[in-house]
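Colleague: Before we start, here is the structure in question, set down as structure tokens.
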Amino acid sequence: MMLRTEQLCKRLDSFCLREISLEVARGDYYVLLGRSGAGKTQLLEVICGLTLPDKGRVLLDGEDITRKKVQDRGIGLVFQDLALFPHYSVKDNIMYPLRLMKLSLKEKVERVQRVTEEMNITDLLLRKPANLSGGEKQRVALARTLVTEPKILLLDEPMASVDASLKDSIRRMLRRLNRNGQTIVHVTHDFGEAVSLASRVGVMHNGSIIQEGTPAEVFNYPVNRFVARYAGFKNFFRVTFIKSYDTWSCISDNRTTFRLAKGEYPSSGLLIITAGEVLVSRQGAAGVQINNIHGVIDDVVPSPTGYEITVIAGDKFYADVTHREMEVQKFVAGEPVIVSFRPESLRLVGNGEDKKEY
């Protein structure tokens, strides 16, 4: 592993990083996902040496760097506020970290030229930060860090100061950097960033990493309600499982009965289903194993992809409906409908216990 932390602990006033152990392989794009206050930035500061841990170790390429100086670690950090020097030109900002490095002037100039070309900012070199857009400032901050040729790049909320219209171009630039071999650890609260960029994801909550894996593993099979909500699940059902011969069904706390896919289930647990897998219709869906549940539309709300329809059917169901489907069906609140979904769409959260509420 390129980067490894072992049981890192750090108390900061009333907050505490708790036993953080993670591994980042060479070439990974590792995203730390969590709400504000989860401990993401504090973890980055421990990794790069701005803060010393109370307990645990940080290893880079097998070397213990826990007590090494920041400048000797081979780690680059881009702060959320970018921290550009306002009285320096873009060129001088990028050149600044090279002042402490034992390099010839020729090599320093070559490095600056190389990263400015890579960040597509060669035409900005004589400008001051005050005359740059948010996206341009982000590129300059990245260039200033990359010019030191760090083994690993740490990004603290890199999209925070970028307009929504520019975020896609920043994502493409970061993906290109990673494809070219740059190992990246990226902190964000944005689920969409994690999905679009990460090769691996760690979800942080209250100073701990509560789930880790590929985006597909984490977001399709969340270990608890907190991760499921972060992944966009809104349909939650606390159920009791029933086996009859070799088939399974379950009953929710609100007495809704669900047919289940083949498998083994605990006595009780929490089931989830994405809104995109819930079909709303007036006639129900065909198929022996399809769940068809009668209810009444409670609300119809526009969404980025169409409409979100809420149906009360004993339990509350959320369904995503496309613009085209809405034009045809013209669903309205108060209308009786049927929600339908395949048994395979229902997923058990974690091991089914989910005792801790987040």
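The values are calculated or read from the model by the stated rules, or taken from the named source; none is laboratory data. As the structure is a prediction and not an experimental result, all values here were calculated from the model. All Cβ positions, even for glycine, are placed from backbone atoms using ideal geometry, and neighbour counts span all protein chains on display. Side chains included, ligands, DNA and RNA excluded: accessible areas come from the protein's heavy atoms. Shrake-Rupley method; radii C 1.70, N 1.55, O 1.52, S 1.80 Å.
Colleague: For the chain, modelled as a Gaussian network with Cα springs under 10 Å, which listed residue fluctuates most, E157, E308, E327?
Modeller: E327
Colleague: Based on the inverse mean of 1/r over its pairs of different Cα atoms, what is the Kirkwood hydrodynamic radius of the chain, in Å? Write down the numbers at each step before the final one.
Modeller: Numbers: mean 1/r = 0.0431 Å⁻¹.
For the chain, the Kirkwood estimate is 23.2 Å.
Colleague: Taking R0 as 25 Å, what FRET efficiency do you get between S208 and V70 from their Cβ-Cβ distance, rounded to the nearest 0.05? Provide the component values of the computation, followed by the final result.
Modeller: Numbers: r = 25 Å, r/R0 = 1.01.
Efficiency for this residue pair is about 0.50.
Colleague: Grab the Cα-Cα distance for K128 and E107, subtract it from 0.36 nm times how many residues apart they are, and report the gain in nm with one decimal. All intermediate terms of the calculation are to be shown ahead of the outcome.
Modeller: Values: separation 21, 0.36 × 21 = 7.56 nm, distance 2.37 nm.
Difference between extended and current length: 5.2 nm.
Colleague: On a 1.4 Å probe surface of the protein chains, which of S340, S196 comes out largest in accessible area, and what is the full order?
Modeller: Numbers: S340 5, S196 45 Å².
Result of the area sort, largest leading: S196, S340.
Colleague: Next up: Return the calculated 222 nm mean residue ellipticity for the chain, to the nearest 500 deg cm²/dmol, obtained by summing -39500 (n - 2.57) across DSSP H runs with n ≥ 4 and dividing by the residue count. Kindly include the intermediate steps, with their values, before the conclusion.
Modeller: Working: 9 runs with 84 residues, N = 358.
Mean residue ellipticity, 222 nm, calculated: -6500 deg cm²/dmol.
Colleague: How far apart, in nm, are the 7 Å Cα→Cβ label points at L166 and D61?
Modeller: Placing both labels 7 Å beyond Cα along the Cβ direction yields 3.4 nm.
Colleague: Provide the per residue accessible area, probe 1.4 Å, for the chain, rounded to a whole number of square angstrom. Walk me through the numbers before you get to the answer.
Modeller: Values: 17720 Å² over 358 residues.
With the other protein chains kept in place, the chain gives 49 Å² per residue.
Colleague: Follow-up. Is any residue of the stretch 168-202 close enough, with backbone N under 11 Å, to a label point placed 7 angstrom from the Cα of E217 along the Cα-Cβ axis, and if so, which?
Modeller: 200-202
Colleague: Please go through the stretch 228-332 and write out the trypsin sites (Lys or Arg not before Pro) that DSSP classes as loop and that have at most 12 other C-beta atoms within 10 Å.
Modeller: Working: sites: R229, K234, R238, K243, R255, R259, K262, R282, K316, R324, K330; in loops: K234, R255, K262, R282, K330.
Sparse-neighbourhood loop trypsin sites (Lys or Arg not before Pro): R255, K262, R282, K330.
Colleague: Measuring from label point to label point, each 7 Å out along Cα→Cβ, what is the T322 to D246 span in nm?
Modeller: With each label point 7 Å from Cα toward Cβ, the separation is 3.7 nm.
Colleague: Size of the stretch 232-271 along its principal axes in angstrom, Cα-based, largest extent first?
Modeller: The Cα atoms of the stretch 232-271 stretch 33, 21, 15 Å along their principal axes.
Colleague: I've got another one for you. State, as an integer percentage, the relative contact order of the chain based on alpha-carbon contacts under 8 Å between residues 6 or more apart.
Modeller: On the way: 722 pairs, mean separation 56.0, N = 358.
Rounded, it is 16 percent for the chain.
Colleague: May I have the convex hull volume per residue, in Å³, for the Cα set of the stretch 34-103? Before the final figure, lay out each step's value.
Modeller: Details: hull volume 9.3 nm³, N = 70.
Dividing the Cα hull volume of the stretch 34-103 by its residues yields 133 Å³.
Colleague: Pulled fully out, how much extra length does the chain show between A285 and C9, if you take 0.36 nm times their separation in residues and subtract their Cα-Cα distance? Each step should come with its number before you reach the end.
Modeller: Details: separation 276, 0.36 × 276 = 99.36 nm, distance 5.24 nm.
Result: 94.1 nm gained on full extension.
Colleague: So for K40, K128, K102, what's the accessible-area order with a 1.4 Å probe, most first?
Modeller: Details: K40 15, K128 85, K102 205 Å².
From most accessible down to least: K102, K128, K40.
Colleague: Could you tell me how many degrees, from 0 to 90 and to the nearest 10, lie between the Cα long axis of helix 164-179 and the main elongation axis, the longest principal axis, of the Cα atoms of the chain?
Modeller: 70 degrees
Colleague: Considering only protein heavy atoms, with the full assembly of protein chains and a 1.4 angstrom probe, order R144, R200, R342 by accessible area, largest first.
Modeller: Numbers: R144 35, R200 75, R342 115 Å².
Putting R144, R200, R342 in descending order of accessible area: R342, R200, R144.
Colleague: Do you know the relative contact order of the stretch 156-237, to the nearest whole percent, from alpha carbon pairs under 8 angstrom that are 6+ apart?
Modeller: Numbers: 60 pairs, mean separation 16.4, N = 82.
Relative contact order for the stretch 156-237 comes out at 20 percent.
Colleague: If I take every Cα pair under 8 Å that is 6 or more residues apart in the stretch 209-358, average their sequence separation and divide by the length, what percent do I get for the relative contact order? Please report the intermediate quantities before stating the final value.
Modeller: Details: 307 pairs, mean separation 42.6, N = 150.
Relative contact order, the stretch 209-358: 28 percent.
Colleague: With axes computed from alpha carbons, what is the tilt in degrees of helix 134-146 against the longest principal axis of the chain, rounded to the nearest 10 within 0 to 90?
Modeller: So the inclination is approximately 60 degrees.
Colleague: Do any GluC sites (Glu not before Pro) in the stretch 181-277 lie in a loop, going by DSSP, with at most 11 other beta-carbon atoms within 10 Å of their beta carbon, and if so which? Walk me through the numbers on the way to the answer.
Modeller: On the way: sites: E193, E212, E217, E264, E277; in loops: E264.
Qualifying residues, ordered by number: E264.
Colleague: Counting only protein heavy atoms and using a 1.4 Å probe, what share of the accessible area of the chain belongs to carbon plus sulfur, as a whole percent? All intermediate terms of the calculation are to be shown ahead of the outcome.
Modeller: On the way: 8690 of 17720 Å².
Answer for the chain: carbon and sulfur cover 49 percent of the accessible area.
Colleague: Still on this model: A333 to R238: extension gain in nm, 0.36 nm per residue of separation minus the Cα-Cα distance? Don't skip to the answer; put the middle values down first.
Modeller: On the way: separation 95, 0.36 × 95 = 34.20 nm, distance 2.59 nm.
Gain on extension, A333 to R238, equals 31.6 nm.
Colleague: Calculate how steeply helix 105-118 sits against the longest principal axis of the alpha-carbon atoms of the chain, using the helix alpha-carbon long axis, and give the answer as 0 to 90 degrees to the nearest 10.
Modeller: Its long axis makes an angle of about 20 degrees.
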